[in-house]
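Here is the structure we will look at.
The values are calculated or read from the model by the stated rules, or taken from the named source; none is laboratory data. Quick caveat: nothing in here was measured; it's all calculated off a predicted structure. Positions of Cβ are generated from backbone atoms using ideal geometry, with glycine treated the same way; all protein chains shown enter the neighbour counts. Ligands, DNA and RNA are excluded from the accessible area calculation, which covers all protein heavy atoms including side chains. Shrake-Rupley method; radii C 1.70, N 1.55, O 1.52, S 1.80 Å.
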Amino acid sequence: HIQRVMFFSQIIAQNEGISERDLKLLLLAAALHDSGKTRDRRDGEHGKNGAKIAEEYLQNNINTISKEDIKIIQIAIEYHTIREEEKGKVNIIELKKLCQNYNISMINLERIKTISSILKDADALDRTRFDKENSFNIDLLRTNTAQNKLLIDFAKKVNQEFALAVLNSNYKYD
């Protein structure tokens, strides 16, 4: 899941034209976004827990990252589990609350919104592996890139191929 979310994040980010610095933050957030999960299914607290784990991990393992950048990653991780009231629209009120909670200047709000949107969209694209009836709702996606049917179909194909590779490596078929 983590590899695919990072992969889809990179595809979306490159098409949305984010900076190299923000791409690095996005990929770190994607790598750590589910680190707070304690259950396989719904776990509404895993974003908040993952943000704490990310802070500790990044502080102890990546000495070139600023405290501000760690906070931006934490916000994206925590936000990825927040329900949005309007389909496909970032909840700016909640995002601003997170910025205040993490003591991040509102100057960074657009960057954080973009990183958070891409992370949520990449996570959603990975869930296309569960879409058996082609009922995936593109209205839930935030970025133009993620809403593109070609990318959605590509995500489904990646998920299918990945599942087949795992099955074939664990259960050798002749």
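Based on protein heavy atoms only, the stretch 1-91 ends up with 58 Å² per residue of surface accessible to a 1.4 Å probe.
For the peptides 91-102, 25-36, residues were scored by their other Cβ atoms within 10 Å and the scores averaged per peptide; the highest-first order is 25-36, 91-102.
Applied to the stretch 76-85, the Karplus parametrisation 6.51 cos²θ - 1.76 cosθ + 1.60 on θ = phi - 60° returns per-residue 3J(HN,Hα) values of 4, 5, 5, 5, 4, 9, 7, 6, 9, 5 Hz, with x for Gly and Pro. Our summary gives the chain a relative contact order of 24 percent, counting only alpha carbon pairs under 8 angstrom and 6 or more residues apart.
Among LYS89, LYS156, LYS120, which one shows the biggest mean-square fluctuation in a GNM of the chain, springs joining Cα atoms closer than 10 Å? Highest fluctuation among the options: LYS89.
Starting from a Cα-only point model with no solvent, please compute log10 I(q)/I(0) by Debye for the chain at q = 0.08, 0.09, 0.14, 0.17 1/Å. The Debye formula, applied to the Cα set alone, gives -0.24, -0.31, -0.73, -1.06. With protein chains left intact and a 1.4 Å probe, residues in the stretch 97-159 average 53 Å² of accessible area per residue. Using the Cα coordinates of the stretch 15-106, the gyration tensor eigenvalues translate into equivalent-ellipsoid semi-axes of 20, 17, 13 Å, sorted from longest to shortest. For the set LYS37/LYS149; LYS89/LYS156; LYS89/LYS113; LYS71/LYS96; LYS87/LYS156, the pairs lying more than 19 angstrom apart at their alpha carbons are LYS37/LYS149; LYS89/LYS156; LYS87/LYS156. Computed over protein heavy atoms with a 1.4 Å probe, the carbon and sulfur contribution to the accessible area of the chain reaches 49%.
If you take the alpha carbon atoms of the stretch 74-137 and fit the smallest convex hull around them, that volume is 78 Å³ per residue.
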